[in-house]
Amino acid sequence: MIKYIGKRLFQIIILLFVYVSIVYWMVELMPGSFVAHFIMNPKLTPEAKEALKKQFGFDKPAHIRYLLYMKNFMKMDLGISFLYYPRKVVSVIMERLPRTLFLFVTATIISYALGFNLGKRIAWRRGKFLDTAATFVGIVFWTIFTPILAIFNIWIFGVLLKLLPLNGFIDPNIWRKATISSQEIFKLLILNGGILLLVFAVALLIASRLKTLTAKKMTVWMSLLAVLIISFIYWYTSGYGIYALDILRHLILPIFTLTLLSFAGSMLVMRDTMLEIIREDYITTAKAKGLPDNIVRDKHAARNALLPLVTNFVISLGFTVSGGIITETMFSWPGMGRAYIEALNSQDIPLLVGLLVFTGIFVLIAHLVADILYAFLDPRIRY
Amino acid sequence: MEILSVKDLKMYYKTKLGYVKAVDGISFTLDEGESMGIVGESGCGKTSVSMTILRLLPENAEFMGGKVLFNLDGKTVDLVSLPESEMRRYRWKGISMIFQAAMNSLNPVYKVGDQIIEAMLNHNPKLSMDDAKKKVAELFELVGLDPRRMDQYPHQYSGGMKQRAIIAMALSCDPKIIIADEPTTALDVIVQDKILREMKKIQEKLNMSMIYISHDIAVIAEVSDKIAVMYAGKFVELADSITIFKKPMHPYTYGLMHAFPSVTGERKELTTIPGEPINLLNPPKGCRFAPRCPKADERCFSEDPEYVEVEKGHFVACHHPLEVGEVINFGE
Amino acid sequence: MGNEKTILKIEGLRKLFPAERRLFRKVRKFVHAVDGVSYEIREGESLALVGESGCGKTTTGKILVGLYEPTDGTVVMDGRDVTPFLFESYGKAENYIRRVYIDKFKNGGNGNHIGNFEEYKKIFKDKFNGNEREFVKYILKDRKKEMKNLRKKVQMIFQDPYESLNPRMTIFDTISEPLNIHNIGNLKEREEMVAELLDAVGLTPPETFMFRFPHELSGGQRQRVAIARALILKPRFIVADEPTSMLDVSIRTGIMKLMLKLADEYNMSYLYITHDLAVARYMSNRIAVMYLGKIVEMGDIEEVLKNPAHPYSKALLDAVPVPDPEVKREEPNISGSVAKPINPPARCRFYDRCPYRMERCKKDPHPQLREIAPEHHVACYLFEK
Amino acid sequence: MKEEVIREPLWKIRLRLWMRSFKQNWELFREKKLALFGLGVIIFFAIFGALYPMYPVLMKNIFWKDQEDMFSAMKPYDPIIGYDPFIPGHPSPPSPRHPLGTDPLGRDILSQLMYSTPREFTLGITAALITVVIGTMIGASSAYFGGVVDTFFMRLADIVMLFPTLALLMVLSAFIELDLLKLALILGFISGFGSITIVLKAQALTVKVRPFIEAAKSAGGSDMYIIFKHIIPNILPLSFLYMMFGVTSAIFSEAVLSFFGLVNVRMSWGIMIHTAESQGYLGGEFIGKFWWLWLPAGASITLLCSAFYFLGRGLEEIVNPRLRKR
């Protein structure tokens, strides 16, 4: 196992270097360079221009800059952003990342949970009304033009029903008197969410050791409830509750939209895998053992069909760091996706490369995690 | 004592082109401790018979009539008319099954022992885990597996071991009847021989009833007290195994007996039954074997022969049953 | 020994498959699928290769039709060494020639089992004056063509009739494919040849079958098509890999009879690979029993089946179910189960399962085949003084 | 066998066989209601797009009979430069003169919609065709040869799949003037080296191990012969169905890029929404008020994308052995 991980890591590092090089050269070759967009600023003196050029390394030929970049890349230094000069690219990303992660990880988890449940049900009742209806609705949302869905949701929930804020991250009216920055609150929120996930995972682990079904269910639900109550007490007593609530309110619409957009993907994968597994002989055996239908479905079929879905899930978790360009634009959510657009529009090469590289790293890590997880879920695989 | 009695059982698969008459009027009885073999070629519906008895059928299957009377502890129930939730109680506890592709009958992600325990707990929720484990260990000993292997996953087993585990699983709820559908087809001869001997021994020891299903008449002959020969959805002949070998009455049975080369004895000329088995989708009327039968006449093509008891315990469905010692020539 | 002509002679055939995948490093674990197998097939005679699954019988067959490269050993066909043409790469073929010919020419080894050894020796000495590279080039100059010729002579019939026909090709396309590949005849002639063969394998009338797809045919009919495909190049020799094991009994005998009839008509020999001793007895004159890559017993089939000598053959014979409820068979005297031969230790392969094992069986390498009766060879220390 | 065996030319027989199998597949296909729906929508859009040239002629004869000069000067139904001077303010809501209203520049929405349709089809099908050709060839050869060839292409696919597609396309759009054809090429290439190759390779692997490949090999077939004659025909149905999914993703990507104004196309469904957005008609209260600016184009994109997807899913249930009913 450790040998396997080592081997994979080695492969991944090579892949990463190739990827970073491709990204670097692709962006480097973009027409309209840094000079045109940044240094041509008439307010700068010639000396200042030279200094800037030197600082960004543009006095050196391209291949030297590439080598320098790779050297810095190994130290996880992705350079300085043009747009947010003089902030480092890494620090820009670190500011954007939590917002994107909170939004997209939540949406991904919800949509996979939904997709998994729907998928196993519609596969079990293949060809019935539920199957057709869920497939139809799923595919329509899966292929819907994303801006349209966002517009639609904003219109219905924001404009017509006036339930939720239209877009943005916070509502300035509420935050006028705040003694704490939105970023701080947000970090606390993420911490809270993280604890919730952690407790959930631990509870699941404990539940898997327990014998009866009721005990399993109780463990999971009780621990979740406990965390929720404790969090509630914390937010209430600290007085930050109102701010946190504001952020959460801004989150609902984008999460809802994202979930609608992507649940069909996992649902259809689940359905297809289930259909394949239902034909296996061990499903017939399980039925012949006299097990009730839903146990055969959940314990025997869905458990096996889970494997490809888990891979998909982990890899899409990796992709969440890149955010969604469309969604973030439509909801004016200042995350990674928006950063892509900003970097592109202002020819901020270091930021653009940084964003792409960062995404690549996370996706590769996700691949590795998926492989390891697969080995845990499937006893047949021993590396 | 009669434990299972199947009366004129009919089960068709509905397709776009019509009904596939996979089980078309089958009757037999099975006594306690008796073993019966069903022999037939692929596609003749022999697997459908077992699936019909246990009601493990795909959605397009339709019962067209008949009864499956099952006698459990002096109470007789008709499995066909039982509601699904009731039926579930009879599966495994009343009748358990060893499947055709036993290699794939174990769920790859659960430990073998746990899969057996699951079946036991399902039928007896009060059973404690320790007792269940003890029972599994006993079963493993019985089928010749190392009890320590129950915490292993199926992929760590060899083909023969998997088959033994399946047998242990089939025995786990002390069923009255075990249906073994091609239990040794995928195995090599030596392993096959061992498993068959094991099964025979266990059956005698526990006084269970068995139904063996196979295409291999030699395998059936080794383990069964009586043998039913199935052709195109129907039983064409049923008798105790010695009778069926010594005086087969149906031309198809005769053809099957003489189609096997043998390792010992004279090197004899083999019989070839000409033609192909008929399609079960909308079969023509008359005897279904008639197109391949050298003895067929007009009556065979127009009138379905009745399945009658010609002597005690010897049923045959043929207009022109063979005399003892009659030789028929199927031609080339 | 009979005085019939030997068509095929195999000498020390070995095939190792790597049992692990390693990057940049030498593979150390091998599955010894076929490990030093030798036999010969004479004209008009068939040899049955019998054994349990995983004993290497199929691998042996596939080497003969050029689907696998041999690791070692020599294949002589019609008195001519064809091994150099079985290798895909020039380098491996060259290695073989150096090892089997040139080294022996120099150091004086024995190559009498190879029909053309003396001839090559002469060529090497006289024509090339000992120039190794030129000699190798000369032998391998037509190796692509030689391989094609070889393929015409040896054909294979596969086990699974459902899988061995391309589902997207009509019967005509399938059967005429070898003609297509070897560029034989025009369309008209091909049609005639296919029709003739369909007739010969009992798919009559041919025109009703020619333009059907495999899924419209039953298993037996498909196997007939597969036989027709193997026959169309008029091979001398056919490797039949369990052609009847997937078929129903009532169909099976028809196919077996057909194969016997065709062997007679087309003057072919079979290497009949099967796990079923009864089928082997029906189909062939001689038998070779394989166990984990080695032949443990070989000889006339009646003789071997009547007096099996090797403990494994005995067990195999005892395990065959008899279609007679009154016969009570003996229990096969064997324990354990087959294990994959990955780097097997240098002792008798059957040692772990043998009921008669002795100290010697453990210490000495796997025993050689030894003639214990006319036309009866056994590889077992029980029969050595 | 002296008499002629086959009395018809071979191509005729093959054509008949092909027709028969087409009919059989159509029977299967007909049962898939969702796929039929998809096919219906595709046919609708095809007709809709084909009718484009008739639209201005029709409108001219109804509403512009008296103002022929004005009509030819202003070209009120031209999707790109048209303007209707008789309407007080643009964008104007749907009216008999403009069944779907006009955009902020006074152009007819319906004519934009119709004009773009054939272009969307061309783009989608071209891109998908490229994807599938690449995917099939690479998948088949990488499965057949294995080893270095396989490793190379699979690692390449790994790298391609590392890119967030949209971001990559945006970067590319910065230094390539993306017209429809170039966009189709790029989209086709990127997805051709991505996940489709892996799926097709997996399928080719299952074909590769089947004995008929060995039979062809032992008959002496060369590698290329086996790949083209045996492997590719057997994965072709799957390729064809992935083409449908390819069309969906190509049309979708084009719409997104247009929406961000990154494609150098004069008119497309995405650009219609882009126009509305850049003029500020997609904010807050305006959304509902000016629905005709975004809804027709958005609905068209969604409908056509999902139609191809439905078609693909329907075909998948027929073609893909994994999903077939027992």
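The values are calculated or read from the model by the stated rules, or taken from the named source; none is laboratory data. In this text the structure is predicted, and so the values were computed from the model without any measurement. Cβ: placed from backbone, ideal geometry, glycine included. Neighbour counts: every protein chain shown.
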*Evaluate segment D:203-224: report whether one residue or more is over 16 Å from the mean Cα position of the chain (by Cα), buried (at least 21 other Cβ atoms within 10 Å of the Cβ), among the hydroxyl-bearing types (Ser, Thr, Tyr) and away from chain C (no Cβ under 14 Å).*
no
*Determine, yes or no, whether C:ARG222 is facing chain D (nearest Cβ under 8 Å), charged (D, E, K, R) and closer than 15 Å to D:ALA215 by Cβ.*
no
_So if I check each of B:SER224, B:SER214, which one is closer than 19 Å to B:GLY33 by Cα and either among the aromatic types (Phe, Trp, Tyr) or in contact with a strand residue (DSSP E or B) (Cβ under 9 Å, 6 or more places away or on another chain) (or both)?_
B:SER224
_Could you check segment C:311-327 and list, in sequence order, the residues that are at the interface with chain B (Cβ under 8 Å from one of its Cβ atoms) and assigned to a helix (DSSP H, G or I)?_
C:ALA315, C:LEU316, C:LEU317, C:ASP318, C:ALA319
*Hey, among C:ARG190, C:ARG212, C:ARG133, which residue is surrounded by fewer than 17 Cβ atoms within 10 Å (Cβ to Cβ), more than 8 Å from chain D (Cβ to nearest Cβ) and part of a helix (DSSP H, G or I)?*
C:ARG133
*So which residues in segment C:294-336 are among the polar types (S, T, N, Q) and under 15 Å from C:LEU277 (Cβ atoms)?*
C:ASN307, C:SER313
*Looking only at residues in segment D:147-180 that are away from every other protein chain (no Cβ under 11 Å) and not in a helix (DSSP H, G or I), which one is surrounded by the fewest Cβ atoms within 10 Å (Cβ to Cβ)?*
D:ASP179
*Residues located in segment C:141-187, provided they are part of a helix (DSSP H, G or I) and closer than 25 Å to D:LEU236 by Cβ*: C:ILE171, C:PHE172, C:ASP173, C:THR174, C:ILE175, C:SER176, C:GLU177, C:PRO178, C:LEU179, C:ASN180, C:ILE181, C:LEU187
*Hey, does segment B:70-78 have a residue that's more than 11 Å from chain A (Cβ to nearest Cβ) and assigned to a loop (DSSP other than H, G, I, E, B)?*
yes
*Since C:VAL304 meets every condition but one in (1) closer than 26 Å to B:MET257 by Cα; (2) more than 20 Å from the chain's Cα centre (by Cα), which condition does it not meet?*
(2)
_For segment C:194-201, check the following and say yes or no: at least one residue is touching a residue at least 12 places away in the same chain (Cβ under 8 Å), within 14 Å of chain B (Cβ to nearest Cβ) and assigned to a loop (DSSP other than H, G, I, E, B)._
yes
_Which of the strands (runs of 3 or more DSSP E) found entirely inside segment B:141-256 contain at least 3 residues meeting this: away from chain C (no Cβ under 14 Å) and farther than 30 Å from B:GLY325 by Cα?_
B:177-181
_Single residue of B:ILE26, B:ILE3 found to be under 25 Å from B:GLY275 (Cβ atoms) and surrounded by 21 or more Cβ atoms within 10 Å (Cβ to Cβ)_ = B:ILE26
_Show the residue pairs meeting these rules: Cβ distance below 8 Å; 6+ apart or different chains; first residue within segment C:40-67 and in a loop (DSSP other than H, G, I, E, B); second residue aromatic (Phe, Trp, Tyr)._
C:SER46/C:TYR270; C:SER46/C:TYR272; C:GLY51/C:TYR291; C:GLU52/C:TYR291; C:CYS55/C:TYR291
*Would you pick out the residues in segment A:287-313 that are farther than 15 Å from B:PRO108 by Cα and either in contact with an Asp or Glu (Cβ under 7 Å, 6 or more places away or on another chain) or part of a loop (DSSP other than H, G, I, E, B) (or both)?*
A:LYS289, A:GLY290, A:LEU291, A:PRO292
*Tell me which residues, restricted to segment C:213-253, are more than 23 Å from the chain's Cα centre (by Cα) and either over 30 Å from D:MET19 (Cα atoms) or not assigned by TED's automatic domain parsing to the domain that holds C:ASP160 (or both).*
C:ASP248, C:VAL249, C:SER250, C:ILE251
*Read through the list (1) away from chain B (no Cβ under 14 Å); (2) assigned to a helix (DSSP H, G or I), then give the number of the only condition that A:PHE376 fails.*
(1)
*Which listed residue is at pLDDT below 90, assigned by TED's automatic domain parsing to the domain that holds B:MET199 and either in contact with a Leu (Cβ under 9 Å, 6 or more places away or on another chain) or at positive phi (or both), from B:ALA259, B:ALA221, B:ALA228, B:ALA296*: B:ALA259
*Please work out which residue is modelled with the lowest pLDDT, limiting yourself to segment B:99-111 and to residues that are within 25 Å of the chain's Cα centre (by Cα) and more than 7 Å from every other protein chain (Cβ to nearest Cβ).*
B:ALA102
*Residues being modelled with pLDDT under 85, more than 17 Å from C:MET290 (Cα to Cα) and within 14 Å of another protein chain (Cβ to nearest Cβ): count how many of those fall in segment C:337-385.*
0
*Restrict the check to segment A:9-20 and report whether at least one residue is away from chain D (no Cβ under 14 Å), farther than 30 Å from A:TYR374 by Cα and modelled with pLDDT of 75 or more.*
no
*Of the conditions (1) in contact with a Phe, Trp or Tyr (Cβ under 6 Å, 6 or more places away or on another chain); (2) within 12 Å of chain D (Cβ to nearest Cβ), A:PHE313 clears all except one; give me its number.*
(2)
*Answer yes if at least one residue in segment A:351-362 is surrounded by 24 or more Cβ atoms within 10 Å (Cβ to Cβ) and more than 10 Å from chain D (Cβ to nearest Cβ), and no otherwise.*
yes
_Considering residues of segment A:335-348 that are within 10 Å of another protein chain (Cβ to nearest Cβ) and modelled with pLDDT under 85 only, the residue surrounded by the most Cβ atoms within 10 Å (Cβ to Cβ)_ = A:LEU344
*For the subset of segment C:338-352 comprising residues that are in contact with a helix residue (DSSP H, G or I) (Cβ under 9 Å, 6 or more places away or on another chain) and surrounded by fewer than 20 Cβ atoms within 10 Å (Cβ to Cβ), which member is nearest to C:SER53 (Cα to Cα)?*
C:ALA339
_Residues of segment A:208-229 satisfying the condition of being modelled with pLDDT of 85 or more and surrounded by 14 or more Cβ atoms within 10 Å (Cβ to Cβ)_ = A:MET218, A:THR219, A:VAL220, A:SER223, A:LEU224, A:VAL227
*Kindly provide the set of residues from segment C:160-169 that are facing another protein chain (nearest Cβ under 9 Å) and either surrounded by fewer than 21 Cβ atoms within 10 Å (Cβ to Cβ) or over 23 Å from D:PRO233 (Cα atoms) (or both), ordered by number.*
C:ASP160, C:GLU163, C:PRO167, C:ARG168, C:MET169
*Answer with yes or no whether A:PHE169 is closer than 19 Å to A:LEU248 by Cβ, not in a helix (DSSP H, G or I) and not small (Gly, Ala, Ser).*
yes
